[in-house]
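One structure is given below, encoded as structure tokens.
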Amino acid sequence: MPPARVFALSSAPFIVASGVRGGLGIRGPVGDGKAWPARGDHPRMPPLEGAPMSNLLIPMTTEDFTPEWVTAALRSNGTLGDGSVTAVEATPVGEGAGFLGSLARLTLTYEGTGADAPATVVAKFPALVEVNRGLAVQYQVYQREARFFNEIKSTITAMPTPEAYYADVEEATGNGVILLEDLDGKLRVGDQLAGASAREAEQLMTQIADLHATWWGRAEEDTISWVPAFDGPVWAMTAQTLPSLWPTYQEERSHLLPPGMADIIERTWEGLIWLGQQLSRGPMTLVHGDYRMDNMFFPPSEGDPITIIDWQLMSRGRGPYDVAYFMSQSIDVELRREHERALVKRYHDGLLAGGVRDYSFDDCFEDYRLACLWCVMYPVAMGGGMAHNERAVQIAAEVSKRSFNTILDLDSVSVLPS
């Protein structure tokens, strides 16, 4: 099997990329230059609830997905039974330089297996560049998604997610691997450039409200108490990192800044820690963290549930964060202006239907305004050095327009303390 290319995976708290659409790419490794622990026979993380019981090493390249490794992984939870994988063909999903990880489609050949074994799976595994891999571990990217599938996925009823055939994290290194259901050809992937329609946005508000209602006020329960909160150390690193990208954005994308926006962004940098604290006021819930069109797969029939992928930025915080992230970046400006209040109301109605109490619509909308300001970090990160292919540049420009106009329309900067 020829060596695989490296390809985009997904986001960090300041990077937005898409595996299915090729990602945003970067200009090179970033970080403090420290070497990350080399691959080896590290101690295993204690088995998580529902986790496969295995001593498998974490694959670091596509060549590590040998027939023997995939056989053991699929047998660990009964997916394969007594059959064996005899051949694995790995092909990249998406294009561009990998940043926080790698994504490959594995086409499997079996011997003696039943008809239920998957013909293909999608493998998510660590970035090949050590510095990038270290950054992903620092932000607990691999841990968050693996533990989501092993511990949290079963609690979510109204938001379909891909089936995970295997998910594991190595305690000593923080590296992780997931074998996921391949959705290619089954569902239509969303397009962040095109944006959501009003009908799609309505359904997505209903689905995210159901997730938030399920975990509303339960953020300290053992099942999710380990998930990073917006006022915790993982997200605090964001406030230290993002301002360094702002000068490049100003130099290369100043034409995207409406009058007064530069001052708003600089005030936001100064207030990021405070904003994180506000987003972590109780009652907190579980938030997806990367709720955008490129992470959504749409069914053939309108109205059927929309499948949501990429849980690497899953966090604990105020529910309207996900609403703000989606509305300020995945909906056309004019469409948002026309439907904004109704969509936030639909979300709030979904919370009430899910049993949430003592949370008024006015409070919900105020949290939404505040979260829209926090989310300005994403277009600045994209335009400030995280985008170098054509689609990435287009997304950076479109998300900048959407985010900046949302903040200006809502006067979100007024939420900051004077």
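The values are calculated or read from the model by the stated rules, or taken from the named source; none is laboratory data. Just so it is clear, the model here is predicted, and its values are computed rather than measured. Note: ideal-geometry Cβ built from the backbone for every residue, glycine included; neighbour counts use all protein chains shown.
Listing for the model above:
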quantity	calculated
Residue that is surrounded by the fewest Cβ atoms within 10 Å (Cβ to Cβ), among those in segment 118-165 that are of a type in the set (A, V, I, L, M), at pLDDT below 95 and under 18 Å from residue 295 (Cβ atoms)	158
Options 350, 317, 354: the member that is modelled with pLDDT of 95 or more, touching a strand residue (DSSP E or B) at 6+ places or on another chain (Cβ under 9 Å) and of a type outside the set (A, V, I, L, M)	317
Some residue of segment 124-143 being closer than 30 Å to residue 299 by Cβ, acidic (Asp, Glu) and not in a loop (DSSP other than H, G, I, E, B)	no
Leading residue by the ranking (modelled with the highest pLDDT) among those in segment 245-264 that are buried (at least 17 other Cβ atoms within 10 Å of the Cβ) and more than 16 Å from residue 397 (Cβ to Cβ)	264
Filtered residue count, segment 138-161, keeping only those that are touching a residue at least 24 places away in the same chain (Cβ under 8 Å) and under 18 Å from residue 79 (Cβ atoms)	5
Pair list, Cβ < 7 Å and 6+ apart or interchain, from segment 303-322 residues that are part of a strand (DSSP E or B) to residues that are among the polar types (S, T, N, Q) and surrounded by fewer than 24 Cβ atoms within 10 Å (Cβ to Cβ)	307/161; 308/161; 317/280
Meets criteria (touching a residue at least 40 places away in the same chain (Cβ under 8 Å) and farther than 25 Å from residue 239 by Cβ) for residue 359	yes
Residue 79 being modelled with pLDDT of 85 or more, within 23 Å of the chain's Cα centre (by Cα) and not hydrophobic (A, V, I, L, M, F, W, C)	no
Search result, residues across segment 215-230 that are crowded, with 18+ Cβ neighbours inside 10 Å and either over 18 Å from the mean Cα position of the chain (by Cα) or β-branched (Val, Ile, Thr) (or both)	215, 216, 219, 224, 227
Condition check for residue 170: acidic (Asp, Glu), at pLDDT below 95 and crowded, with 16+ Cβ neighbours inside 10 Å	yes
Residue ranges of helices (runs of 4 or more DSSP H) in segment 178-261 with at least 3 members of a type outside the set (Lys, Arg) and under 24 Å from residue 347 (Cα atoms)	198-215
Residue 300 vs. criteria within 30 Å of residue 346 (Cβ to Cβ), modelled with pLDDT of 95 or more and not aliphatic (A, V, I, L, M)	no
Count - residues of segment 162-177 that are in a strand (DSSP E or B) and either in contact (Cβ under 8 Å) with a residue 40 or more places away in the chain or not small (Gly, Ala, Ser) (or both)	7
Single condition residue 393 does not satisfy, out of (1) among the aliphatic types (A, V, I, L, M); (2) touching a residue at least 24 places away in the same chain (Cβ under 8 Å); (3) over 21 Å from residue 274 (Cα atoms)	(2)
